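Just below is one structure, and these are the notes that go with it.
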Amino acid sequence: MPLHITSERHLDDGVVEREFTLGDIPGLLWTPESASEPESTPVPLILLGHPTLGLHKMYPRLVARARHAAADGFASATIELPGSGDRPRIPALEQARADLRGVLQAGEPVTDEIIDALTLPLVDRAVPECRKALDALLELPEIGGPVGYSGGVISIGVRLAATDPRIVAAGLFAGSFVPRATFEEARRVTIPLHVLLQWDDERNDRQAALNLFDAFASKEKCLNANMGGHTGVPPHAGDAAANFFRRHLAPEVTPGN
């Protein structure tokens, strides 16, 4: 599936931002300006995950993460999730979201059936699209890998980490519902992991997040737990995630780690 660049602009801190389409899927790519210089070495790539709010709403957070990645010499990219933004809605997902709102408003427990219906159809669609995006992005001359995955719906990140050998490290955010199947997939994940957990996250079952962390088969896995709710992630948590990716995507930059 060909990648078409639809716009390009230079941000004020040496970052090139390009909008692209992959078939009918919109996306964004950020690269350090130095990556386009003649005879420059291709840079590693971080695939940025995000919740199902749409790229327009998530843009301020995504570009902030991309700027930090570019400062470390990495490209970063993201694509619109199925059923989000301007993409066509998926009736099964819309119904599952309505069911979730209903039980939350009623103060009832969120059942495994609702979690599965809410998440698994999204994962089934999103992961193949992410892999196609990696196929196209890694063909660009300024991007050469290795590849990391950061953030987003954790079940998407788990399946990518378990199934795509190009991803060598993943930073996951334990801030979404976890289907039963994801726990089984976690046992197949062996790459280094950095998992962020907000201890008082009103949207997250803390025990489920801890159980998922325990299920990962990775020999190197770090749980960065901080007090506070879903949106209360402290700045130093971002610094810790950046250090993690520097170690695994560009280890020569941080000797001794």
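Structure values in brief
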quantity: Calculated [θ] (222 nm, deg cm²/dmol) that DSSP helices of n ≥ 4 give over the chain, each run adding -39,500 (n - 2.57); calculated: -12500 deg cm²/dmol
quantity: Most positive-pole-ward Cα, LEU120, SER218, GLY157, against dipole of the chain from beta carbon charges; calculated: SER218
quantity: Cα principal axis extents for region 21-122, largest first, Å; calculated: 58, 28, 21
quantity: Antiparallel %, DSSP beta bridges [both residues in the chain], to 5; calculated: 45
quantity: Span-rule helices in the chain, defined as complete DSSP H runs reaching 18 Å or more along the axis (Cα) with Kyte mean at least -0.5; calculated: 55-71, 91-105, 112-137
quantity: Ranked packing of 194-205, 168-179, 4-15, most packed first, by mean Cβ within 10 Å; calculated: 168-179, 194-205, 4-15
quantity: Contact order relative to length of the chain, as percent, for alpha carbon pairs under 8 angstrom and 6 or more apart; calculated: 15
quantity: Residue among HIS248, THR31, HIS56 farthest towards the positive dipole end of region 3-253, charges placed on Cβ; calculated: HIS248
quantity: Within region 10-91: Cβ-based charge dipole about Cα centre, in debye rounded to nearest 20 (Lys, Arg +1; Asp, Glu -1); calculated: 500
quantity: Cβ charges +1 (Lys, Arg) and -1 (Asp, Glu), total dipole of the chain, debye; calculated: 380
quantity: Mean Cβ neighbour count within 10 Å, used as a protection proxy, ranking 87-96, 21-30, 42-51, 109-118 highest first; calculated: 42-51, 21-30, 109-118, 87-96
quantity: Selection from PRO146, GLY228, LEU22, by position along the positive dipole direction of the chain (Cβ); calculated: GLY228
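Only the coordinates and a few stated rules stand behind these numbers; no lab work does. It should be emphasised that the depicted structure is a prediction, and the values quoted were computed from it without experimental measurement. Cβ: placed from backbone, ideal geometry, glycine included. Neighbour counts: every protein chain shown.
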